[in-house]
Amino acid sequence: MSNLPEIGLFCGTFNPIHNAHLLLAQCACDQFKLHEIYFVTSPRPPHRQDVSLSGEKRYEMVSQAVSDNDKFIASRIELERPGSSYTIDTIQHFQNKFNVNLLIGADNIIHLPAWYKFDEIVQSCKLLIAPRKLDNTRMANKSGHQETAMFTIEEHMILSKVKHALIDSPLVDIASSEIRRRVKEEKTIRYMVPEKVWQIIEKEKYFK
């Protein structure tokens with residue numbers, strides 16, 4: 001790796017962004033001494049029926065969520081890109097100035113080989129992987145080693161080709177789908193999302 005500053009890219013629909021996203025990013029920032037983390041709001045995928053809000057509305061919530069952290073930056077690069085938007089394009093946009101680390105959830109690993117230009121992604125960045133809950137039996141069977149226990153044989157095969165590290169972050173069981181469900185059922189989501197995001201959702205009546 002070069003002596004360029006290290007940054008993180010956290011790409012997602014953020015529908016909506018929530019406190020588990022922010023905690024994970026802060027843990028990655030501290031653990032890997034990242035200069036900054038860019039929260040990249042993705043366009044609305046045509047195959048995703050659960051993304052009802054426009055990219056601009058989701059970006060507004062991301063922007064408010066990260067506004068009080070000088071290490072976090074809301075990016076609209078994928079919203080502004082004409083045509084199809086791919087992760088490799090976003091990585092390449094940043095890699096002339098930075099060493100890029102891509103934050104992903106562990107559940108995405110199995111799908112990585114199907115990503116557009118996966119081989120180039122592998123060469124262009126390091127993956128920082130969010131932890132997932134471990135089954136106690138599986139953990140015991142893997143001699144207590146967290147990373148060994150966390151991934152399947154197929155996932156290990158994929159990761160053997162990729163520069164990666166596991167983010168040391170508490171497991172906070174918050175999901176955007178759960179937030180949307182609670183809003184629809186008129187249950188509180190306060191403290192599941194940043195206060196500014198909660199205020200926007202309340203005011204604009206999102207996810208009703």
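The values are calculated or read from the model by the stated rules, or taken from the named source; none is laboratory data. Since this is a predicted model, take the numbers as computed values, not measurements. As a convention, Cβ positions derive from the backbone with ideal geometry for all residues, glycine included, and neighbour counts pool all protein chains shown. Accessible surface areas use protein heavy atoms only, side chains included; no ligands, DNA or RNA. Shrake-Rupley method; radii C 1.70, N 1.55, O 1.52, S 1.80 Å.
Remarks
- Filter result for VAL100 (modelled with pLDDT of 90 or more, surrounded by 13 or more Cβ atoms within 10 Å (Cβ to Cβ) and not in a helix (DSSP H, G or I)): yes
- Restricting attention to segment 8-28 and to residues that are touching an Asp or Glu at 6+ places or on another chain (Cβ under 8 Å) and either without any contact (Cβ under 8 Å) to a residue 24 or more places away in the chain or crowded, with 21+ Cβ neighbours inside 10 Å (or both), the residue that is farthest from ASP68 (Cα to Cα) turns out to be ASN15.
- Close Cβ contacts (under 6 Å, 6 or more residues apart or on different chains) running from residues in segment 160-185 that are in a loop (DSSP other than H, G, I, E, B) to residues that are open to solvent by less than 30 Å² (accessible area, probe 1.4 Å) and among the small types (Gly, Ala, Ser) comprise ILE167/ALA28; ILE167/ALA130; VAL172/ALA20; ILE174/ALA20.
- Summed over segment 106-137, residues that are open to solvent by 30 Å² or more (accessible area, probe 1.4 Å) and of a type in the set (Gly, Ala, Ser) total 1.
- Residue match in segment 141-150 (condition: at pLDDT below 95 and open to solvent by less than 20 Å² (accessible area, probe 1.4 Å)): yes
- Condition check for ILE91 on (1) over 23 Å from ARG182 (Cα atoms); (2) modelled with pLDDT of 95 or more; (3) surrounded by fewer than 18 Cβ atoms within 10 Å (Cβ to Cβ): one failure, at (3).
- All positions within segment 60-119 that are free of Cβ contacts under 8 Å to residues at least 12 places away in the same chain and touching a strand residue (DSSP E or B) at 6+ places or on another chain (Cβ under 9 Å): SER63, ASP70, ASN108
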